[in-house]
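Working notes, structure below.
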Amino acid sequence: MNKIGFIGGGKMADAIVKGLINSGNFNAANIWLSAPHSETLNKFKVKYNINTVLSNINTVKNSEIILLAVKPFVLNDVLDEIKPYINKNHLIISIAAGISINTIEAKIGKVPVIRVMPNTPALVNEGISAVCCGNYADINHQDIVSEIFSSVGQVVITEEKYIDIITAISGSGPAFYYYFINEIAKSGEKLGLDYNTCLKLSAQTALGSAKMILQSGINPEQLITNVTTPGGCTAEGNKVLTDNNISDILFNTIKSTAQKAFELGNR
């Protein structure tokens, strides 16, 4: 069984460690994690009984897969620190936003690198992670990474050139959906129903609608047609959305977010 090491102990590392252990594909004895604060290490030790160390180098020495779960602004220093201990038999996974595969490969050489863009619903095992392979990663590496991130949700295989669009859709996307769900709930509250009931109705409707798309295989436009009676309530609401150019608003939201992701990644 592969040994996996996490450098960084934030929320995403927590979600992935939890997912791996719950999936049964990794046991605690084969998971290492390093972080700069003892409180963080103690938290992981108590929750998951994994191996925790202050030293990133110890994590690398004891692992075959290295998952870089640190903030982008510290990644460069981390790579400098662990570079002497990395070899071609390691698999490097980075979830650092805005840091390209080429940047990592330029630092550590001809080593398999895979960049992943996960999102925060991984915290409740409903994430979606986009997997992009580097120049020295093969299908076996891709399968390993897919298995790891399948433990916290769904996985798509893509090319890094699309990463800014993916950032806009799924990386930043949860915030947009939270906004929609909350605004629909607040609208119901303004009309007289209590907010908590409105929020439950709105959130569960969003969850159910998403599952209909993912599980039924029916095109969203057809699903809209299925629930819309001509001249009925849904048709009236659809007309408001169309008349107010909701499609343009959403396109501009994704476009602007993707552009910002591009700018941050090319500073």
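Here are a few things to note about the model shown:
- For region 130-264, the solvent-accessible area with a 1.4 angstrom probe is 68 square angstrom per residue.
- With a Förster radius of 25 Å applied to the beta-carbon distance between L193 and S23, the computed FRET efficiency rounds to 0.05.
- Rounded if a/c under 1.5, otherwise prolate or oblate - region 1-143, Cα gyration tensor axes: rounded
- Between H37 and T158, the simple label model (points 7 Å from Cα in the Cβ direction) yields a spacing of 3.1 nm.
- Gyration tensor (alpha-carbon) shape descriptor, region 1-75, a/c threshold 1.5: rounded
- The peptide list 77-89, 57-69, put in order of mean Cβ contacts within 10 Å with the highest first, becomes 57-69, 77-89.
- Remark: spin-label model distance Y178-S55 equals 3.9 nm, labels positioned 7 Å along the Cα→Cβ axis.
- Straightening the chain between N102 and V227 buys 40.3 nm, computed as 0.36 nm per residue apart minus the Cα-Cα spacing.
- Scattering profile of region 126-252 at q = 0.10, 0.13 Å⁻¹ [log10 I(q)/I(0), Debye over alpha-carbon scatterers]: -0.47, -0.75
- Mean Kyte hydropathy of 0.0 or more with a Cα span along the axis of at least 20 Å, helices from DSSP in the chain: 195-216, 246-265
- Gyration tensor verdict on region 1-42 (Cα atoms; rounded if a/c is under 1.5, prolate if a/b is larger than b/c, oblate otherwise): prolate
- Rounded percent of accessible protein surface that carbon and sulfur make up, the chain, 1.4 Å probe: 56 percent
- A simple spin-label model places the labels of I218 and N252 3.3 nm from each other, with each point 7 Å out along Cα-to-Cβ.
- A simple packing score, the average count of other Cβ atoms within 10 Å per residue, orders the peptides 251-262, 101-112, 203-214 as 101-112, 251-262, 203-214, with the highest score first.
- The packing ranking, built from the mean of other Cβ atoms within 10 Å per residue, places the peptides 216-229, 158-171 in the order 158-171, 216-229, highest first.
- Among A97, A206, C233 the positive-end extreme of the charge dipole of the chain (Cβ point charges): A97
- With contributions of -39500 (n - 2.57) from each DSSP H run of at least four residues, the per-residue ellipticity at 222 nm computed over the chain stands at -16500 deg cm²/dmol.
- Global size of the chain as Cα Rg and Dmax, reported in angstrom: 21.3, 69
The values are calculated or read from the model by the stated rules, or taken from the named source; none is laboratory data. Computed from a predicted structure; not experimentally measured. When we count neighbours, we look across all protein chains shown, and the Cβ atoms used for this are built from the backbone with ideal geometry, even at glycine. Ligands, DNA and RNA are excluded from the accessible area calculation, which covers all protein heavy atoms including side chains. Shrake-Rupley method; radii C 1.70, N 1.55, O 1.52, S 1.80 Å.
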